[in-house]
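As structure tokens, the structure follows; a few thoughts come after it.
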Amino acid sequence: MIRRYLLQDTNYHYSILEAETGEEGLALCKSAKPDCILLDYDLPDLDGLAVLNALTSDDGTVPYAVIMLTDQGNEAIAQQATQHGAQDYLVKGEMTAGNLLRAIHNAIERTMMRQIMEQQHRNLAQRNQEIQAFAYALAHDLRAPLRAIGGFAQIVEQDYRTQLDENGLRYIQRIIQSSRQMDRLIDELLSYTRLEHRTLRRKPVDLTYVVQQVLEQLAERIAATAASIIVPTSLPVIYSDQTLIQQIILNLVSNALLYHRPGNAPRVELQCILQHQDCLLAVSDNGIGIAAAYQERIFQVFQRLHSEDEYPGTGIGLAIVKKAVDMMGGQVWFESIVGQGSTFYVKLPSVAESA
Ligand code: ADP
């Protein structure tokens, strides 16, 4: 029985509903949705923790402001209750109008604040999802008209070149070049937004095989730049997501090949060390290097340090790397000396599970 008199002598007008048993209380909560529940630990049918448990939603939170009322000496249970979602507890023998009111106000306020923050988080997540879906649809739908522009420009260049003067030919070549660049941008943007909708698929991944696949994908560029690639003869098998790992290595090696100093053939070295349960991947190059000030910036979408004429690119590669690494709960960073080269590190946690 609640000591109603403790709540009556105030300026606040509470409507107080009472239940004799845990089951009755649970039914009352469902129908009346109270702002605050004063939950006695000693109930005839269930104990207070069982009631609290029944009030807990699937996401593990208790959608009510609950104050557990215990007997003297039961503080351990009371603390357990606060760990399981009760906002506060009061020892019945020590209850006064003052501490009860304060506890009720605080509990309601904190619960409301939590609910507002959860709602804001949900709104933000939903907004984010909508933006991602919009970017995906936009990128996807831009592709067809863009391919038509590029395709017809190529036809003009091939079939009508004799009818074009020098300027006309140059303009048409610029159209072809720009549409290729935009096509690449769209491809990468789609890869980036696709990551957002992906769930992790972990399995044993043979890094020797993954690196081999990447080198095959980049074979043309490796030959064209006369690059030397140094890879250990045998790399470990890690427990991870193969597609994400492949995207990470592909982007890092392809940057290492691209950002080389003019007249200096790229030298790219890949290393992998297993430390406890972590896997540390390192991709080093002897390229132009990056100033330490760009540590954060280069991992953001569309952030480039060079013009398209100097080094072609989209500014999405490292954002893909960062997103993939984040999804796996890892870290990515670089060390670099400007004018000498860079090393990109990727640390992936808890992956050293053998096949
Ligand atoms: P992109 O290469 O398409 O521009 P990235 O996101 O892969 O986009 O890279 C962002 C920027 O980081 C690049 O524009 C470049 O300035 C810099 N960068 C990335 N990798 C290297 C590297 N290995 N050496 C020097 N600069 C690099």
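Odds and ends about this structure:
- Pairwise Cα distances in the chain exceed 37 Å for 49 percent of all pairs.
- Counting DSSP beta bridges with both ends in the chain, the antiparallel % (nearest 5): 70
- The charge dipole of the chain, taken about its Cα centre with unit charges on the Cβ atoms of Lys, Arg (+1), Asp and Glu (-1) only, comes to about 1240 debye.
- Model label points for residue 72 and residue 92, set 7 angstrom from Cα along the Cα-to-Cβ axis, are 1.3 nm apart.
- The length gained by stretching the chain between residue 123 and residue 199 to full extension, at 0.36 nm per residue less their Cα-Cα distance, is 25.3 nm.
- Helix runs (DSSP H) in the chain reaching 20 Å along axis by Cα, Kyte-Doolittle at least -0.5: 97-159, 242-258
- Label zone at residue 135, where the point sits 7 Å out along the Cα-to-Cβ direction: the stretch 306-327 residues whose backbone N lies under 11 Å: 316, 319-320, 323
- Per residue, the chain reaches -16500 deg cm²/dmol at 222 nm when only DSSP H runs of four or more residues are counted, each adding -39500 (n - 2.57).
- Rounded to the nearest 5, the antiparallel percentage of DSSP beta bridges internal to the stretch 1-143 is 10%.
- Note on residue 117: accessible area is roughly 120 Å² with a 1.4 Å probe, heavy atoms of protein only.
- Length gained on full extension, residue 275 to residue 116, computed as 0.36 nm times the residue gap minus the Cα-Cα distance: 53.0 nm.
- Between residue 61 and residue 143, the C-beta separation translates, for a Förster distance of 35 Å, into a calculated FRET efficiency of about 0.25.
- Qualifying chymotrypsin sites (Phe, Trp or Tyr not before Pro) in the stretch 118-198, DSSP loop, other Cβ atoms within 10 Å at most 12: 160
- When both the stretch 203-224 and the stretch 83-125 are represented by their alpha-carbon centers, they are found 55 Å apart.
- Multiplying each eigenvalue of the alpha-carbon gyration tensor of the stretch 284-339 by 5 and taking the square root yields semi-axes of 20, 15, 9 Å, largest first, rounded to whole angstroms.
- Those lysines that a straight Cα-Cα span of less than 30 Å connects to residue 347, excepting residues fewer than 8 apart in one chain: 203, 322, 323
- Positive-end extreme of charge dipole, the chain - chosen from 25, 15, 282 (charges on Cβ): 282
- Averaging Cα coordinates gives a centre for the stretch 267-306 and one for the stretch 26-46; these two points are 56 Å apart.
- Relative contact order for the chain, counting Cα pairs under 8 Å that sit 6 or more residues apart, in percent: 11
- Heavy-atom accessible area for residue 294, with the other protein chains in place and a 1.4 Å probe, reaches approximately 80 Å².
- Summing charges over neighbours of residue 185, with a neighbour being any other residue whose Cβ is under 14 Å away from its Cβ, gives +1 when K and R count +1 and D and E count -1.
- Solvent-accessible surface of the stretch 1-153, taken per residue with a 1.4 Å probe and all protein chains present: 63 Å².
- Kirkwood hydrodynamic radius of the stretch 204-315, from the reciprocal of the average inverse Cα-Cα distance over all distinct pairs: 15.2 Å.
- Ranking 191, 89, 175 by Cα position along the charge dipole of the stretch 86-211, where only Lys, Arg, Asp and Glu carry charges on their C-beta atoms, puts 89 farthest toward the positive end.
- Think of each Lys and Arg Cβ as +1 and each Asp and Glu Cβ as -1; about the Cα centre, that makes the dipole of the stretch 200-355 roughly 180 debye.
The values are calculated or read from the model by the stated rules, or taken from the named source; none is laboratory data. Please read these numbers as outputs of a predicted model, since none were measured by experiment. Counting neighbours? That spans all protein chains shown, and the Cβs are built from the backbone with ideal geometry, glycine included. Ligands, DNA and RNA are excluded from the accessible area calculation, which covers all protein heavy atoms including side chains. Shrake-Rupley method; radii C 1.70, N 1.55, O 1.52, S 1.80 Å.
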